[in-house]
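J.: The structure is given below, and queries will be raised subsequently.
The values are calculated or read from the model by the stated rules, or taken from the named source; none is laboratory data. A quick note: this is a predicted structure, and the numbers were derived from the prediction, not measured. Because the Cβ atoms are built from the backbone with ideal geometry, glycine has one as well, and the counts that use them run over all protein chains shown.
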Amino acid sequence: MDFEFDAKTEDYRKRLLAFMDEHIYPVESEFHTDGWEPPAVLSSLKERAKEAGLWNLFLPGEHGAGLTNLQYAPLAEITGRSPGVAPPALNCAAPDTGNMEVLAEFGTPEQQEKWLKPLLAGEIRSAFAMTEPQVASSDATNIGTRIERDGDDYVINGRKFYITGAMNPNCKIFIVMGKTDPDAARHVQQSQILVPRDTPGLTVKRGMTVMGYTDGDHGGHAELIFENVRVPASNLIGEEGGGFAISQARLGPGRIHHCMRLIGMAERALELMCTRALSRSTFGKTIAEQGVIQDWIAESRVRIEQARLLVLKAAWLMDTVGNKGAHTEIQAIKIVVPSTVEWILDKAIQTHGAAGLSQDTPLAGLWASARMLRLADGPDEVHKRSLAHRELKRYRSGS
């Protein structure tokens, strides 16, 4: 693979870096809110991003900017330096990104007109309802929510939690995953269906915090109750039994997007660590002269470079051999990048002392996000298990 940015990527990078300096960093403090309502400044940021041609960068093909994964990687890294502000401002925030990808690939023309079009325009937000409190959702086949056919409708019953984006008042549509046929083969029991927020029987029971943070700038997370929720059969995405395959297609890009942004979070943390180390003195010299701090700084740079190269390789493989061909690398980055960035953020917090725990720097919030991503889109242990099985398969007799 070629490590040099092509002309298109370099053009986007220059414009995005300027946009971050001019519009994103100056308003970060306005995004630190205890509520679920998105900050008022977000709407003006979105208009500026559209005017700058920095819109839907994540989405390949006719619906988005037409960038490859390798072209998008350095751009997502830049937005990761301010993950609560830049992605939603550019309409590149989860879970909308994955939902738009699903609708673009699997949605009917009617579904695309009604839901994909306003999502692409940034007029509404959405949520993806898969995780459940009663089962270990790291195994998606455990899902207990039922989606049952009744004439021209489907009826949904179940409970979901930690559904990202659901607390945003502008979240108008849910993609819900549940079982349409519990007796079918394990990976074809599930289906996905569109449920508008105002559908009778759908209750947003409560908002859920992440280590005390509302995560309101991302739309917040919620617990949902589905009680005899009835929607038209035309709301089904794809075919009955296709839900698991759709979720896997959705999670591949989602996982690498998270890892791309995490690299940017790590760069921001290292920058803050170095600045702090040079501005504070202990025992007669700056803490930058202390051996332990120098070790953290050096180790952080090495870990960032290692993680970035693995992410770029995964992006390149997704572009050249497809998501299935890049399965090992996608799992590898999902294992290593969140934990690597969590370590770097921890050292940056330690370098800042008590200030690193406060709202005066972005570090505590970034750490909570990195720690969460060791669970989101599959916990470390599940990815390691799958990766180990794939490695062992190469050495089993007859394989």
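J.: State all residues of region 327-368 that are out of contact with any Asp or Glu (no Cβ under 9 Å at 6 or more places or on another chain), crowded, with 18+ Cβ neighbours inside 10 Å and not in a helix (DSSP H, G or I); if no residue qualifies, say none.
T.: T361
J.: Only residues in region 65-80 that are over 22 Å from L270 (Cα atoms) and touching a residue at least 24 places away in the same chain (Cβ under 8 Å) count as the first member; pair them with residues that are among the acidic types (D, E) and surrounded by fewer than 24 Cβ atoms within 10 Å (Cβ to Cβ), Cβ under 8 angstrom, at least 6 apart or cross-chain, and list the lot.
T.: Taking only residues 6 or more apart or on different chains, the pairs are T68/D319; N69/D319; L70/D319; Q71/D6.
J.: Do we find a residue being closer than 30 Å to F3 by Cα and in contact with a helix residue (DSSP H, G or I) (Cβ under 9 Å, 6 or more places away or on another chain) anywhere in region 29-46?
T.: Checked against the condition, which is being closer than 30 Å to F3 by Cα and in contact with a helix residue (DSSP H, G or I) (Cβ under 9 Å, 6 or more places away or on another chain), region 29-46 yields no hits at all.
J.: Okay, moving on. Inside region 253-267, can you point out the residues that are buried (at least 21 other Cβ atoms within 10 Å of the Cβ) and not small (G, A, S)?
T.: P253, R255, I256, H257, H258, C259, M260, R261, L262, I263, M265, listed by residue number.
J.: Keeping to region 188-232, report how many residues are of a type in the set (S, T, Y) and modelled with pLDDT of 95 or more.
T.: Here the count works out to 3.
J.: Go through region 282-297 and report how many residues are polar (S, T, N, Q), modelled with pLDDT of 95 or more and out of contact with any Leu (no Cβ under 8 Å at 6 or more places or on another chain).
T.: Total satisfying the criteria: 2.
J.: Could you check P232 against (1) surrounded by 16 or more Cβ atoms within 10 Å (Cβ to Cβ); (2) under 23 Å from I124 (Cβ atoms) and say which number it fails?
T.: Unmet for P232, out of (1) surrounded by 16 or more Cβ atoms within 10 Å (Cβ to Cβ); (2) under 23 Å from I124 (Cβ atoms): (1).
J.: Report the residue count in region 163-185 for those that are under 27 Å from Y213 (Cα atoms), modelled with pLDDT of 95 or more and not aliphatic (A, V, I, L, M).
T.: Counting residues in region 163-185 that are under 27 Å from Y213 (Cα atoms), modelled with pLDDT of 95 or more and not aliphatic (A, V, I, L, M) gives 3.
J.: Is there a residue being of a type in the set (D, E), assigned to a loop (DSSP other than H, G, I, E, B), surrounded by 15 or more Cβ atoms within 10 Å (Cβ to Cβ) and modelled with pLDDT of 95 or more anywhere in region 148-161?
T.: Within region 148-161, not a single residue is of a type in the set (D, E), assigned to a loop (DSSP other than H, G, I, E, B), surrounded by 15 or more Cβ atoms within 10 Å (Cβ to Cβ) and modelled with pLDDT of 95 or more.
J.: In the list A89, A121, A104, A166, which residue meets the criterion of being among the aliphatic types (A, V, I, L, M) and without any contact (Cβ under 8 Å) to a residue 40 or more places away in the chain? Can you show your working first?
T.: On the way: A89 fails: without any contact (Cβ under 8 Å) to a residue 40 or more places away in the chain; A104 fails: without any contact (Cβ under 8 Å) to a residue 40 or more places away in the chain; A166 fails: without any contact (Cβ under 8 Å) to a residue 40 or more places away in the chain.
Of A89, A121, A104, A166, the one residue that is among the aliphatic types (A, V, I, L, M) and without any contact (Cβ under 8 Å) to a residue 40 or more places away in the chain is A121.
J.: Here's a follow-up. Are any residues in region 346-379 in contact (Cβ under 8 Å) with a residue 12 or more places away in the chain and farther than 19 Å from A266 by Cα, and if so, which ones?
T.: Selection gives D377, G378, P379.
J.: Among the numbered criteria (1) over 19 Å from the mean Cα position of the chain (by Cα); (2) modelled with pLDDT of 95 or more, which single criterion is violated by A307?
T.: Only one criterion in (1) over 19 Å from the mean Cα position of the chain (by Cα); (2) modelled with pLDDT of 95 or more is unmet by A307, namely (1).
J.: Filter region 162-181 down to the residues that are surrounded by 22 or more Cβ atoms within 10 Å (Cβ to Cβ), in a loop (DSSP other than H, G, I, E, B) and out of contact with any Ser or Thr (no Cβ under 7 Å at 6 or more places or on another chain) and list them by number.
T.: A166, M167, N168
J.: Every residue in region 105-136 that is buried (at least 19 other Cβ atoms within 10 Å of the Cβ) and either within 18 Å of H221 (Cα to Cα) or of a type in the set (D, E, K, R) (or both), please.
T.: R125, S126, A127, F128, A129, M130, T131, E132
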